[in-house]
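Undergrad: Just passing along the structure, written as structure tokens.
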Amino acid sequence: MGFLTTLALLITLGVLWLVFTVMKHAAPSEKRMRAELAKMKTDMDAWAGDLVKIDKAELELFSLGQVKKAAKKRFRSAVKGIYTTIFEEPVVAYSFKKFLGKNGLLYARTATHEYGYWIKNNETQVLINGQIVGALRDDGGLYGARTKRLLAKLDKKGAVAFPVTVNQREVASMTKAQPADNKELTARAFQFVKDDLTEEEEVLLLSVVLPEIIQPPVGK
């Protein structure tokens, strides 16, 4: 095989590899998104271990501290970690994969529920326990998939904290400022949580605050 033939073959293989890489890391279709989430779930089953069940008391103790945080970066970002209470009890585990552009997948789980976030430019499809419940928009609102009704909202305009409403009722207030690294374990994620918080409100509350707490590096 002559030099020019070999060179042409190498160029062709390089182009094919580049095309394959771009396609692999481009924004996923819904079918691929679900397949990727299934892989993330399987990985989490083996990696995260048991989590402490979240209730109102655990929400009040929810900290911004993480354990087992790990990150990889090759063509896309891959990050995972476990959030704890201020007493270092594991309560939320997550895994994130970044695709080309402002696209990514975030998977998070508590002891009782699973949350999936299909991030596509300025809108995020939210799945709870595998079902698409709505879209999370730039205004911090989660809008129902069928009704388009506002289900929950994280209001980021608060001067000191971010109020969280579920079905038009304020149920919690999220801490605005991110702490310094050496203060993460004692920094609480919520300033207050309603005493009469229902299970449904808790699930929707977490669905809108988890992306803000985790802050996946989409577009970076």
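Undergrad: Scan the range 186-218 residue by residue and report those that are over 14 Å from the mean Cα position of the chain (by Cα) and either among the charged types (D, E, K, R) or at pLDDT below 90 (or both).
TA: Passing the criteria: Thr186, Ala187, Arg188, Lys194, Asp195, Asp196, Glu199, Glu200, Glu201, Glu202.
Undergrad: In the set Phe99, Phe75, Phe62, which member is surrounded by 19 or more Cβ atoms within 10 Å (Cβ to Cβ) and either modelled with pLDDT under 90 or on the phi > 0 side of the Ramachandran plot (or both)?
TA: Sole residue among the options that is surrounded by 19 or more Cβ atoms within 10 Å (Cβ to Cβ) and either modelled with pLDDT under 90 or on the phi > 0 side of the Ramachandran plot (or both): Phe99.
Undergrad: Considering Gly140, Gly134, Gly144, which residue is more than 11 Å from the chain's Cα centre (by Cα) and surrounded by fewer than 17 Cβ atoms within 10 Å (Cβ to Cβ)?
TA: Unique residue meeting the criteria: Gly144.
Undergrad: With the checklist (1) surrounded by fewer than 20 Cβ atoms within 10 Å (Cβ to Cβ); (2) closer than 25 Å to Gly134 by Cβ; (3) of a type in the set (Phe, Trp, Tyr) in hand, flag the one item Tyr117 doesn't pass.
TA: Unmet for Tyr117, out of (1) surrounded by fewer than 20 Cβ atoms within 10 Å (Cβ to Cβ); (2) closer than 25 Å to Gly134 by Cβ; (3) of a type in the set (Phe, Trp, Tyr): (1).
Undergrad: In addition: From the set of residues in the range 45-57 that are touching a strand residue (DSSP E or B) at 6+ places or on another chain (Cβ under 6 Å) and under 15 Å from Ile82 (Cα atoms), which is surrounded by the most Cβ atoms within 10 Å (Cβ to Cβ)?
TA: Checked the range 45-57; the qualifying residue surrounded by the most Cβ atoms within 10 Å (Cβ to Cβ) is Ile54.
Undergrad: Here is a list: Ala35, Ala70. Which entry is farther than 20 Å from Leu127 by Cβ and surrounded by fewer than 21 Cβ atoms within 10 Å (Cβ to Cβ)?
TA: Exactly one of Ala35, Ala70 is farther than 20 Å from Leu127 by Cβ and surrounded by fewer than 21 Cβ atoms within 10 Å (Cβ to Cβ), namely Ala70.
Undergrad: Ok, one more. Any residue in the range 103-110 that is in a loop (DSSP other than H, G, I, E, B), under 28 Å from Thr85 (Cβ atoms), touching a residue at least 12 places away in the same chain (Cβ under 8 Å) and small (Gly, Ala, Ser)?
TA: Among the residues of the range 103-110, not one is in a loop (DSSP other than H, G, I, E, B), under 28 Å from Thr85 (Cβ atoms), touching a residue at least 12 places away in the same chain (Cβ under 8 Å) and small (Gly, Ala, Ser), which makes the answer no.
Undergrad: Select from the range 135-150 the residues that are free of Cβ contacts under 8 Å to residues at least 40 places away in the same chain and on the phi > 0 side of the Ramachandran plot and list them in ascending order.
TA: Lys148, the sole residue that qualifies.
The values are calculated or read from the model by the stated rules, or taken from the named source; none is laboratory data. This one's a predicted model, so the numbers in the text were calculated from it and none came from an experiment. As a convention, Cβ positions derive from the backbone with ideal geometry for all residues, glycine included, and neighbour counts pool all protein chains shown.
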